[in-house]
Amino acid sequence: MFEEIVQTGGQIEPSDWMPDKYRASLSRQIAQHAHSEIIGMQPEGAWITRAPSLRRKAILLAKVQDEAGHGLYLYGAAETLGTDRAEMLEGLHSGRHKYAMSFDYGMPTWGDVAAMGWLGDGAAIVNQVPLARCSYGPYARAMVRVCKEESFHQRQGFEAMQALVAGTPQQRQMAQDALDRWWWPALMLFGPPDDASPRTADSMRWGIKRYTNDELRQRFVDMAAAQADVLGLTIPDPALRLREDGHCDFTLMDLEEFTANLRGEGPYATQRRDHRRAAHQDGAWVREAMQAYDDRVVAAREAS
Ligand code: 3HC
């Protein structure tokens, strides 16, 4: 019955029977996805106090807050599989769990915030829209809302890039430099190439993934190449070329760099996890206070 449901595009709900491997693989992917959302808040959050105008500051504040919300929906979705939230966070803090390596790169200028929104969130939408049709109900439903918000994030990034390219020569250069830095990390968001992706075959069979890593990366490159033309910027790939069939030829990211990042050796990897652990520790009193409040409410309810 499980096979029939997933192969006919139906959805599995938390109370349905599912193979242990399906449960484990989904728990892994959803937890990694949740971690990526909250780790992604760090490089962008660092720009809130330095945004170039009040309008940009308000938008960035809302965006970073949205990412926290995405983390919450996703941790919630993973919990429906029986995964404990404290255990997931321990996996993140200890380095046992992965998160999207693109956030292990730095954001030295405002241009990076714009490019990250345009390309990073653009890549996230291409990857996540099909996940809204994935075979696990709670994950698919979380993705519907996440994608609506990511779509707003991508547009704000593109609009911030448009403002930079319409500005002074220095601002235009800032946009180009940021595109040069963010192009390769954006390609990395889609994962390893299909022939080096150990999880894809099972995920496709189970309807978790609807498209392979390479199929989605191609879709993203086709879309981003057209958008770079609108901005009048150059994608830092000399091999990028629009073919007659409407798709682009392009170069894959450097696989040695990708593999090193997977091992947790990205430029800001240590800083990201250290910061996350410190934030968790600093928030301990909030969790204790909430627990004390909950305990009091339960005790009062029982007493009455
Ligand atoms: N960064 C870190 N780890 C990655 C990775 C990346 N960019 N790409 C792949 N990996 C990991 C996989 O998680 C997997 O880990 P494992 O060793 O624990 O199994 C391993 O490398 C092998 O990769 P596979 O391709 O075989 O794994 P998957 O089938 O899971 O595919 C994926 C990888 C395409 C990232 C898939 O897990 C996925 O679609 N995940 C959900 C989306 C997601 O997590 N996106 C992260 C972006 S967060 C975001 O969008 C925030 C926004 O604001 C920008």
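The values are calculated or read from the model by the stated rules, or taken from the named source; none is laboratory data. As the structure is a prediction and not an experimental result, all values here were calculated from the model. No Cβ is skipped: glycine too gets one built from the backbone with ideal geometry, and neighbour counts run over all protein chains shown. Ligands, DNA and RNA are excluded from the accessible area calculation, which covers all protein heavy atoms including side chains. Shrake-Rupley method; radii C 1.70, N 1.55, O 1.52, S 1.80 Å.
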For helices (runs of 4 or more DSSP H) lying entirely in region 158-232, having 1 or more residues that are more than 16 Å from the ligand (Cβ to nearest atom) picks out 169-188, 213-231
Looking at region 93-134, which of its residues are open to solvent by 10 Å² or more (accessible area, probe 1.4 Å), more than 12 Å from the ligand (Cβ to nearest atom) and in a helix (DSSP H, G or I)?
HIS93, SER94, TRP110, ARG133
I need every pair where a residue in region 196-223 that is over 23 Å from GLU4 (Cβ atoms) has its Cβ under 9 Å from the Cβ of a residue that is more than 10 Å from the ligand (Cβ to nearest atom) and among the aromatic types (Phe, Trp, Tyr), sequence separation at least 6 or different chains.
ARG217/PHE250; GLN218/PHE250; VAL221/PHE250
Hey, does region 82-90 have a residue that's more than 10 Å from the ligand (Cβ to nearest atom), open to solvent by 10 Å² or more (accessible area, probe 1.4 Å), touching a residue at least 24 places away in the same chain (Cβ under 8 Å) and part of a helix (DSSP H, G or I)?
yes
For MET1, which of the numbered conditions (1) in contact with a strand residue (DSSP E or B) (Cβ under 8 Å, 6 or more places away or on another chain); (2) over 26 Å from ASN261 (Cα atoms); (3) among the aliphatic types (A, V, I, L, M) fails to hold?
(1)
Assess whether ALA284 counts as being more than 30 Å from VAL165 (Cβ to Cβ), small (Gly, Ala, Ser), out of contact with any Lys or Arg (no Cβ under 9 Å at 6 or more places or on another chain) and within 15 Å of the ligand (Cβ to nearest atom).
no
Please list, ordered by first then second residue, the pairs with beta carbon atoms under 7 Å, 6 or more apart or interchain, first in region 153-171 and at negative phi, second open to solvent by 20 Å² or more (accessible area, probe 1.4 Å) and part of a loop (DSSP other than H, G, I, E, B).
VAL165/GLY232
